[in-house]
Amino acid sequence: MTVLAVAEHRRGELRDVSYELVAAGRDLATATGGDLHVAVVSGPVSEYAEKLNRDGVDAVHTVDHGEGFNHDVSVQAVEQLVDAVDPAVLLVPHTVNGLDYAPAVANRLDRPLVTDAVDLAYDDELTVTRELYGSKVETTVDVHAERGAVTVRPAEWPTAEGTGDATIEPFDATIDESQVRSTVTGFQEVGDGDVDITEADVLVSVGRGIEEEENLDLIRDLADALDATLSASRPVIDNGWLPKDRQVGQSGKVVTPDVYIAIGISGAVQHVAGMKGTDTIVAINNDPNAPIFDIADYGIVDDLFDVVPALTEEFKG
């Protein structure tokens, strides 16, 4: 069985979800004894192809057309790639861009599309695991078709590692310019902040346990001592204490830092959905039964107003 995964890039850089998509595709191809093909459309495709040549990748297809994402170009290019490669499963990131063109491609190719996958399996047919009701319910969707398409949720798979020996194959897609009816004129970050928490290696995240806005200075001191980025759960954002672009969770941003320090955060499923892909989770909460401790690698059951200053002094020293 052949799997085709379409990588994603933004502002000249491959996004982490591209490498996660390679891992998801590799698992699926390995389970079926098939091949994994990866594709990248637009931008410095030769540079991207070298980076996407990870263990388990059999071929990387490049479409050299334009610099950044364009809906009409992506639809045409991916449709032609699928026709040429004929994958049993097409994998696309479950992102703003992926959800922009994947439905159009699936419709043109008459393929069933399953969105927001958190797990994939194949046993005679493709089975896609999804989460519903704020990640409270897990369900499976069986694809009763020989060919399907899936959007994959970011941060659900590890990033693919290692250097592979894939063949890099330029793909000469025929782009009908008369059908390119949209133009990207620029890129603007959502929110008024000056940082992107999705790119942070260390996040210090605060929840309703901070009690008052004035107490955020305590958390900022710790973040400064760790050279970390400050983030928060929804209650802090809803109170207006930090801007929306600092929110971690299902209604905020999905983050995958090396270290995530959750301070005064109970661990509701909506928040956990945004940070469970973290390498190391440290939780500080005075409630020993807080759900955050179920996923934490290290837990401190104590008053954050005692623990945080002590940690700050330790790291400053």
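From E47, E8, grab the single residue that is under 22 Å from F187 (Cβ atoms) and without any contact (Cβ under 8 Å) to a residue 24 or more places away in the chain.
E47
Suppose the filter is in contact with a Lys or Arg (Cβ under 8 Å, 6 or more places away or on another chain), crowded, with 22+ Cβ neighbours inside 10 Å and modelled with pLDDT under 95; does G249 pass it?
When the stated conditions are applied, G249 passes them.
Counting residues that are among the polar types (S, T, N, Q), under 22 Å from A39 (Cβ atoms) and modelled with pLDDT of 90 or more, which strands (runs of 3 or more DSSP E) fully inside segment 123-171 reach at least 1?
148-152, 167-170
What's the total number of residues in segment 123-162 that are crowded, with 16+ Cβ neighbours inside 10 Å and either more than 24 Å from D100 (Cα to Cα) or touching a Phe, Trp or Tyr at 6+ places or on another chain (Cβ under 7 Å) (or both)?
Of the residues in segment 123-162, 2 are crowded, with 16+ Cβ neighbours inside 10 Å and either more than 24 Å from D100 (Cα to Cα) or touching a Phe, Trp or Tyr at 6+ places or on another chain (Cβ under 7 Å) (or both).
Working only within segment 195-218, note down all residues that are over 26 Å from the mean Cα position of the chain (by Cα) and aliphatic (A, V, I, L, M).
Selection gives I210, L216, L218.
Identify, by number, the condition in (1) farther than 19 Å from L4 by Cβ; (2) in a helix (DSSP H, G or I) that T185 doesn't meet.
(2)
Hey, which of the helices (runs of 4 or more DSSP H) in segment 216-298, taking only ones fully inside, have at least 1 residues that are touching a Leu at 6+ places or on another chain (Cβ under 7 Å) and in contact (Cβ under 8 Å) with a residue 24 or more places away in the chain?
Per the criteria, 216-226, 234-238.
How many residues, within segment 269-301, are surrounded by 13 or more Cβ atoms within 10 Å (Cβ to Cβ) and of a type in the set (D, E)?
Residues meeting the conditions: 1.
Look at T129 and say whether it is among the β-branched types (V, I, T), in contact (Cβ under 8 Å) with a residue 60 or more places away in the chain and out of contact with any Leu (no Cβ under 6 Å at 6 or more places or on another chain).
No; evaluated as a whole, the condition is false for this residue.
Kindly list, by first and then second residue, each pair from a residue in segment 81-106 that is in the same structural domain as R26 (by TED's automatic domain parsing) to a residue that is of a type in the set (A, V, I, L, M) and surrounded by fewer than 20 Cβ atoms within 10 Å (Cβ to Cβ), limited to pairs with Cβ atoms under 7 Å and residues at least 6 apart or on different chains.
V82/L109; A88/M1; A102/L113; P103/L113; A106/L113
The values are calculated or read from the model by the stated rules, or taken from the named source; none is laboratory data. Quick caveat, the model's predicted, so the values are computed rather than measured. Neighbour counts are summed over all protein chains in view; Cβ atoms, including those assigned to glycine, are modelled from backbone coordinates with ideal geometry.
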